[in-house]
Each structure stands twice: as C-alpha cells, then as structure tokens.
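Peer 1: Shown below is the structure under consideration.
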Amino acid sequence: MSALSRSFFLLMLVVLLCAPSLIGQPNAREEYIKRFAPIVKQKMREFGIPASISMAQGILESGAGTSRLALEANNHFGIKCHREWTGETFLFDDDHKNECFRKYPSPAQSYHDHSLFLTQRPRYADLFKLPISDYSAWAHGLKAAGYATNPSYAQHLIRVIEENKLFLLDQEVLNEQHQISQELAQVKEQEGIARINRTFEVFGEGVAHRIIFLNNKKIFVIARPGDTYFSIANDFGIRMHKLLKYNDVSDTETDLEEGAMVYLEGKRPRTPERVHIAGPGETWHSIAQLYGIRLINLYRSNGWSTIAVQPNQIVRLR
C-alpha cells in the first residue's frame, strides 16, 4: 500500500470512528428538548417562567444532559448548595475545588428547584415584571440579576432559544391559556356569575335517616356533626379502606368536617363540565369532591399541578 493510500485509509478510519459522536451531538439536544418540554411548559404554567428560558438554561448548564453534574447528581442548572439547602449534596470542581452542589432524586426535581430558586429570591423579582413572551428580556434580566458570571450569558441563551425554536414552547402555553380564558368568558356569559352554582339530586333515604344525594351519577352523603369516616363506613357496611379510597383520603388524613361530601362509591374520571372557577378556601380535593371526579384525574387535567388553588383560578375539569 502506498503512503498516499495508507494516509487516506487512516483518515477514513478516523472519520468512521468519530462519526457516531458527531452525529449524536445535535441528536442529544433534540432528545433533551423532547424529554423536558412537558416539564418546562408545566413550570411556565405554575411559576410564570418562560419555558424557552428554562429549557435554554438547562441545555447550557447541563450540556443537554451530558455534564457530570447532570449525570451523577441530576443537577441540570448548576445550582450550588447555599446555606438553606438540606438535601443531598455533590462535590464538584467549579470556580474552586470541591464546591458543594445540590443533588436531586430526578431531573424533574432539578427543574422544580430551579423554578423555586428564581421565584423565591428577591434579586430575581424584576424578571417577573417582564412580558412572559419576551425571552430576550428575560435572558438579559437573568444576566443582570447575577445568575451567571459569563458576560455573554444572555447572548448564549438567546442563541440556543432561536437555533432550536424554543419560543414555540412559550407560544403553546400562551395559546392554551388564551383558550382557557375564552372558556371562562363563555362560562361567565352563560351563568352570569363568576362561579358555577351546583345543586344535587336527592337519590333517596339511607340508614340512620340519612339523605343520599346523587352527583355525576355517584351517590354521596353529607357529614353530620360528630361523623367520622369510620362511622359512615360502619353505617353503610362499607370497608373503611374502600371508603377512604372512594374519597381520595389517605390513612393518615381521616379528619372529617361537618358538611363534607362523602362518596359511598368510587367517583368518575370525568364530568360533563369543562372548567371551574375556584372560590376562597377551595382545594384540589374539595373541587374533586364537588364534581364527583377522582382527584388524580383532576391533577392530570391541570398538568399535575401541586400548587395550592387560588381564588378565581380557572381549574380544568377534563
């Protein structure tokens, strides 16, 4: 083999060996975006942080999930321990040797903590005065608030957002919120009030002269003074654990207030109504009871939100 042929052969061998990594780099980012798009959109709904910003920060800080911090500590945002952190830690050489970084059980926990990090620190408060659709202003605002020391941090974020069209994630959430607003307007127009009034059909009379009501095709009773889940289960011959399950109540949370709705059979996954406007003091559980639907389905319809319901909040019922 001539020297020229040998050189060409070696060159081709290098190309072939490197090909998987060269191809994998853009694919890694695409897979990262696909994997975490639902999470950043949910955080945008819950915390008011543009999905494009969260995603771009995650890509930059974690190398699209390939950094050591991301792989070994599920830390996708390079958040250090700080004095208030009480969770697991991970020592890593950054600006200094063996710096303390937060370690999470899952990447989803890292994204959640990132949202808390921005919303609970006063220095980031001005970000939430910016239009949520203006990712450029948010990028510069993060840099101005001191999130990163790199002087080009804002430009890097903007480039990642525009190269990967991450602004479309923001638009999806904004379109969804616009649709919900339209539904709310229709509800107000049809009902003439800011909250849906509900009445219940009387199904009949049960044991101990209890009135049994019907809601969403499921029967329930109203708790009387002194009632407990145990006493109601005993009255109707229902096993305690089943009654708790019917009402989305855990074994450790069995307090029962007078006037509470107690279902005597499993609730349904859906209800004919589409949305509910929350009133003062309402919770996810009380709304699920009000419409006779399973709590897990209510969570699912609202993007698995764990944030407490606020007065006048629009709650999706299906």
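Peer 1: What does the convex hull of the alpha-carbon atoms of the stretch 223-309 project to on average, in nm²?
Peer 2: Approximately 6.0 nm², given one-decimal rounding.
Peer 1: Now a separate question. Using per-residue counts of other Cβ atoms within 10 Å, averaged over each peptide, order 128-136, 48-56 from highest down.
Peer 2: On the way: 128-136: 14.8, 48-56: 25.6.
Ranked from most to least packed, the peptides come out as 48-56, 128-136.
Peer 1: Can you quote the Å³ per residue value for the convex hull of the Cα atoms in the stretch 56-184, rounded to an integer?
Peer 2: Convex hull volume per residue, Cα atoms: 131 Å³.
Peer 1: Here is a follow-up. Which pairs, out of LYS129/LYS165; LYS41/LYS245; LYS43/LYS80, put more than 27 Å between their alpha-carbon atoms?
Peer 2: LYS41/LYS245
Peer 1: A follow-up question, please. Given charges of +1 on the Cβ of Lys and Arg and -1 on the Cβ of Asp and Glu, with all other atoms neutral, how large is the dipole of the stretch 28-143 about its Cα centre, in debye to the nearest 20?
Peer 2: Numbers: 16 positive and 14 negative charges, 51 e Å.
Rounded to the nearest 20 debye, it is 240 debye.
Peer 1: What is the mean projected area of the alpha carbon convex hull for the stretch 50-108, to one decimal in square nanometres?
Peer 2: Seen from a random direction, the Cα hull of the stretch 50-108 projects 4.3 nm² on average.
Peer 1: Related question: Can you give the accessible area of HIS285 in Å² (nearest 10), computed on protein heavy atoms with a 1.4 Å probe?
Peer 2: 60 Å²
The values are calculated or read from the model by the stated rules, or taken from the named source; none is laboratory data. As the structure is a computational prediction, the values presented were derived from the model and not from experiment. All Cβ positions, even for glycine, are placed from backbone atoms using ideal geometry, and neighbour counts span all protein chains on display. When the accessible area is computed, the model is the full protein with side chains, heavy atoms only, and any ligands, DNA or RNA have been set aside. Shrake-Rupley method; radii C 1.70, N 1.55, O 1.52, S 1.80 Å.
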